[in-house]
Protein chains: 2
Amino acid sequence: MSINIITISREFGSGGRTIAQMLAEKLGYAFYDKELIAKAAERTGFAESFVQEHGEKHSSFFSITYPSMTFNGMTTEDYLWSMQRKIILELAEEGPCIIVGRCSDYILKDRKDAIHVFVHADPADRADRIINQYGVKTSDPAKAIAEEDKNRRKNYRYYTDREWGAVDNYTVSLDSSVFGIDGSVEMILNMIRFLDEHPEQV
Amino acid sequence: MSINIITISREFGSGGRTIAQMLAEKLGYAFYDKELIAKAAERTGFAESFVQEHGEKHSSFFSITYPSMTFNGMTTEDYLWSMQRKIILELAEEGPCIIVGRCSDYILKDRKDAIHVFVHADPADRADRIINQYGVKTSDPAKAIAEEDKNRRKNYRYYTDREWGAVDNYTVSLDSSVFGIDGSVEMILNMIRFLDEHPEQV
């Protein structure tokens, strides 16, 4: 089976987004991350920065603080989720693509032409990356990382009823600290090539 | 860094043991699974069948039922665990090897020349494999699988304080239903080759 869709889930600071972008370039696939956010923002009428902040973070803040702030009976975040979900399903129909985060592995779990990758890394590399590459300003990178992972885990559990980072959800998971960014891209490309050459698989 | 040690953790019915054995043959590495059990059995004086049954299953049965049945103040299972741990550390010193299960990923987590693989598969393939290849007699394979996974998860958590099947514990995880047994072997070999050729990694 030819693989048309790759979802990349990633720990904060693992370099997963960079890996996804490099893969998209090498494969000539569309790449959806900020683009996806922009599309979602456009449709919901929310500001792009709001979507970026809340698209992978579930909290009951809005429903508690502003109980009347609902859309068709949904909280702001549930509405945003349902829009993102629709957009992800549509993008996957449009042609070969790579989608980063936003529970895309779950949303596209039934696509036979998709593989789902999870990128993780060791804590020291992650801390180094968020400070020196992402430009995060913090005196406690470990805390910033733990906080972001917690948000992603909570959001994922709320919307999918599955555990974020549990091997069963992903076709493959990789430690980018072991393989490096280029190496991780090479390993994933090798898998795509293998599956393309072995249509009896998947 | 040249990879001398590969630990393979696996869901029951995922074919992980077969993958480990094939890898060992291709790489010319020692393979430890039943051999390990036999060695542990020899040292502890337990019957081999007892070690096989209890080596990856933690229960408080012995300590509750026979509170006096302890070894140097340890329960039978804790004693067995400590012996298995020692044996795994020793085997890893003896030369290149592949070790299946028994928390070997955790026990050898500080070896820089080791990679840790987790093999999983979809439920239908696992059910089919335990009935038709492992010869498990059951009218409810899903239940048998859930039970065995639960034992491995509980044992792993008890002895390592980590979650069995959480991506962070493993260098790589693979879905053998997607890649097949031969394909999974090929993907792992490719990773070993890559790391051998890129000594700057690991």
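The values are calculated or read from the model by the stated rules, or taken from the named source; none is laboratory data. For clarity, every value in this text was computed on a predicted model and none was experimentally measured. Backbone-built Cβ (ideal geometry, glycine too); neighbour counts: all protein chains shown.
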If I go through the stretch B:176-202 residue by residue, how many of them are more than 7 Å from chain A (Cβ to nearest Cβ), within 17 Å of residue B:20 (Cβ to Cβ) and among the aliphatic types (A, V, I, L, M)?
5
Residue check for residue A:173: facing another protein chain (nearest Cβ under 10 Å), over 21 Å from residue B:186 (Cβ atoms) and either in contact (Cβ under 8 Å) with a residue 24 or more places away in the chain or of a type in the set (Ser, Thr, Tyr) (or both):
no
Scan the stretch A:140-155 residue by residue and report those that are touching a residue at least 24 places away in the same chain (Cβ under 8 Å), within 13 Å of chain B (Cβ to nearest Cβ) and under 14 Å from the mean Cα position of the chain (by Cα).
A:149, A:152
So which helices (runs of 4 or more DSSP H) are wholly in the stretch A:84-182 and hold at least 1 residues that are among the basic types (Lys, Arg), on the phi < 0 side of the Ramachandran plot and surrounded by fewer than 18 Cβ atoms within 10 Å (Cβ to Cβ)?
A:141-160
Failed item, numbered, when residue A:195 is tested on (1) free of Cβ contacts under 8 Å to residues at least 12 places away in the same chain; (2) in a helix (DSSP H, G or I); (3) hydrophobic (A, V, I, L, M, F, W, C)
(1)
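Hey, any hits in the stretch B:56-64 for a residue that's modelled with pLDDT of 70 or more, closer than 30 Å to residue B:141 by Cα and among the aromatic types (Phe, Trp, Tyr)?
For the stretch B:56-64, residues modelled with pLDDT of 70 or more, closer than 30 Å to residue B:141 by Cα and among the aromatic types (Phe, Trp, Tyr): absent.
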Considering only the stretch A:152-171, state which residues are closer than 19 Å to residue A:82 by Cβ and among the polar types (S, T, N, Q).
A:155, A:160
Yes or no: the stretch A:109-130 includes at least one residue that is among the aromatic types (Phe, Trp, Tyr) and away from every other protein chain (no Cβ under 14 Å).
no
